[in-house]
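Undergrad: Structure incoming, see below.
The values are calculated or read from the model by the stated rules, or taken from the named source; none is laboratory data. Just so it is clear, the structure is predicted and the values come from calculations on it, not from any experiment. No Cβ is skipped: glycine too gets one built from the backbone with ideal geometry, and neighbour counts run over all protein chains shown. With ligands, DNA and RNA removed, areas are computed over all heavy atoms of the protein, side chains included. Shrake-Rupley method; radii C 1.70, N 1.55, O 1.52, S 1.80 Å.
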Amino acid sequence: LRRVRDFVTRGEIDIAAVRVSEIVREGCMLALVGYGDDGPSVQYNFCEDADMVFADNVQIQQVIVNLMRNASEAMRDSAHRELVIITELSGDGMSMISVVDTGTGVVPDIAEQVFHPFVTTKPNGMGIGLSISKSIIEAHGGRIWAENVPGGGAAFRFTLRRVQEMAHAG
């Protein structure tokens, strides 16, 4: 929490080469605490070539936790509650991480403003989680966006700089 607060107040990040699959798995455990058997099913689809990224693991974990909690809340009344977290290559030396749910989707009226501060569709939401997530991703040199998926649900996607393997001298 201190590192996230430091970022919000001073913009500080601690970048290192990390495995995004580990950050996602740890974030998933944190995000689903308290759900027990009532939580959504979670599937992972990790691309090995997209796994190593430059990131502040605590801050990216915060983004994952926020996206997963939002997705879980959006699926609260859905008959089929499934979260899929996907990593894949995304050109220009980037890895793309997607959190895809089977919930209500992104409300069209606010789709363009969903990452702005104090914009929320939750009855008790403050509207700062996605705004902070956007700031974190942009500080990492990536971008974040949301889109509805065919058949219902939403996909929140973000990019991070991928660690390129260096050629080994013989």
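Undergrad: Can you give me the % of accessible surface on segment 44-97 that is carbon or sulfur? Probe 1.4 Å, all protein chains present, nothing else counted. Write out the running numbers ahead of the final one.
TA: Numbers: 1010 of 2340 Å².
After summing per-atom areas, the C and S share lands at 43 percent.
Undergrad: Another question, then. Name the residues whose placed amide hydrogens come within less than 5 Å of the amide hydrogen of residue 149, ignoring near sequence neighbours (fewer than 5 apart) on the same chain.
TA: Under 5 Å from the amide H of residue 149 lie the amide H atoms of 154, 155, each far enough along the sequence or on another chain.
Undergrad: Non-local amide H neighbours of residue 46 (under 5 Å, H modeled in plane, Pro and chain starts lacking H): which ones?
TA: Amide H to amide H, under 5 Å and 5 or more residues apart or across chains, residue 46 pairs with 87.
Undergrad: Under the Karplus relation 6.51 cos²θ - 1.76 cosθ + 1.60, θ = phi - 60°, what is the ordered set of whole-Hz ³J(HN,Hα) values for segment 134-147, x standing for Gly and Pro?
TA: 4, 4, 5, 5, 5, 5, 8, x, x, 9, 9, 7, 10, 8
Undergrad: I need the phi-derived Karplus couplings for segment 91-103: 6.51 cos²θ - 1.76 cosθ + 1.60, θ = phi - 60°, integer Hz, Gly and Pro marked x.
TA: Karplus-based 3J(HN,Hα) across segment 91-103 equals x, 6, x, 10, 10, 10, 10, 10, 10, 10, 10, 10, x Hz.
Undergrad: Report the local net charge at residue 96: Lys and Arg +1, Asp and Glu -1, summed over other residues whose C-beta lies under 13 Å from its C-beta.
TA: Working: positive: 143, 157, 161, 162; negative: 49, 51, 88, 92, 147.
Once all neighbours under 13 Å are counted, the net charge is -1.
Undergrad: Cα gyration tensor of segment 34-74, axes a ≥ b ≥ c as square roots of the eigenvalues: rounded (a/c below 1.5), prolate (a/b > b/c) or oblate?
TA: Values: a/c = 2.88, a/b = 1.59, b/c = 1.81.
Taking the square roots of the gyration eigenvalues as a ≥ b ≥ c, segment 34-74 is oblate.
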